[in-house]
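Q: I have a structure here, written as structure tokens, and I will follow up with some questions on it.
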Amino acid sequence: MRRRILFGLILLAALGAVVAVDRATDAAWLGSLVVLAMTIMAQRELMTMMGSRGGLPAFLANLGAIAVFAARTPLVAAESTTTILTGAVLLLLVWGTFALQSRGAAGQAAIMKSLQSGVMALGYVALPLSFLLGLAWEMGTVVAGAIVLASKCGDMGGYLVGSLIGRHKVMPKVSPNKSWQGSFGGLALTIVVVLGLDAASPG
């Protein structure tokens, strides 16, 4: 969690720089690159957490993320997102089918982990964040950055409050360190930040 908090702070600093440049130059592509880099890093973290060793599944997942993101820019029709995502998942399934035929029991378990994490990365990370990218193109980097800021405040507030007074666990078997106190702390910080952003917005 500490690494996630550090990553979140670095990300917020990067978003601040992107918003400043975006306002000065109207360079929406810069925000797109930041969101894409964030997506690839998040996919890598998720796949590692799920026990994947990377390799071809990680490459295919990242390639799929890049293609999905391309579909969210004005260069490609957004309707192609579903087709691209389906194609990336099919490539992962084809790889898994052939790889399972050539490995023993231990190797097959590792392949299944890589296959599951690759599909999960596309559906859980790339697709939702591609909508964030589409929002950045349609409404500006500031709006997209505010959404990311609110999300990271939930993480940071949950970690800080949970570390200090977290006593009652939410779902110990799923997330042993997550507490009700931390969850409400993250929610409270998110609400305060969102209200602050709304009050500070020009209109």
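Q: Report, ordered by chain and residue number, the lysines lying within cross-link reach of K152, taken as a straight Cα distance under 24 Å and ignoring same-chain residues fewer than 8 apart.
A: Filter leaves K169, K173, K178.
Q: Multiply the residue gap between L100 and L33 by 0.36 nm, knock off their C-alpha separation, and tell me the result in nm, one decimal place. Working shown, then result.
A: Working: separation 67, 0.36 × 67 = 24.12 nm, distance 3.51 nm.
Separation in residues times 0.36 nm, less the Cα-Cα distance, equals 20.6 nm.
Q: Which sequence of T83, T190, T39 reflects their accessible areas, 1.4 Å probe, from the largest down?
A: Working: T83 100, T190 30, T39 0 Å².
Solvent-accessible surface, decreasing: T83, T190, T39.
Q: Take M120, M139 and sort them by solvent-accessible surface of the protein heavy atoms, 1.4 Å probe, largest at the top. Write down the numbers at each step before the final one.
A: Numbers: M120 85, M139 120 Å².
Listed by decreasing accessible area, they come as M139, M120.
Q: Additional query: Could you give the length gained by full extension between L135 and T86, i.e. 0.36 nm per residue of separation minus their alpha carbon distance, to one decimal place? All intermediate terms of the calculation are to be shown ahead of the outcome.
A: Details: separation 49, 0.36 × 49 = 17.64 nm, distance 2.19 nm.
Taking 0.36 nm per residue and subtracting the Cα distance, the gain is 15.4 nm.
Q: Whole number in Å², please: accessible area per residue of the range 148-203, 1.4 Å probe, ligands, DNA and RNA not counted. Don't jump to the answer; show the numbers that get you there.
A: Numbers: 3790 Å² over 56 residues.
Computed with neighbouring chains in place, this is 68 Å² per residue.
Q: Dividing the convex hull volume of the alpha carbon atoms of the range 145-203 by its residue count, what do you get in Å³ per residue? The partial results should precede the final answer.
A: On the way: hull volume 4.1 nm³, N = 59.
Roughly 69 Å³ of hull volume per residue.
Q: Oh, and also: Let me cross-check V194: its accessible surface, 1.4 Å probe, with only protein heavy atoms counted, in Å² to the nearest 10?
A: 70 Å²
Q: Heads up, I need the accessible area for F59: 1.4 angstrom probe, whole protein in place, Å², nearest 10.
A: The accessible area of F59 comes to roughly 120 Å².
Q: What's the center-to-center distance, using Cα atoms, between the range 92-139 and the range 155-203 in Å?
A: 29 Å
Q: E138: accessible area at probe 1.4 Å, nearest 10 Å²?
A: We get 150 Å² for E138.
The values are calculated or read from the model by the stated rules, or taken from the named source; none is laboratory data. Note that this is a predicted model, so its numbers are computed, not measured. Quick note on the areas: whole protein, heavy atoms, side chains included, nothing else; ligands and nucleic acids left out. Shrake-Rupley method; radii C 1.70, N 1.55, O 1.52, S 1.80 Å.
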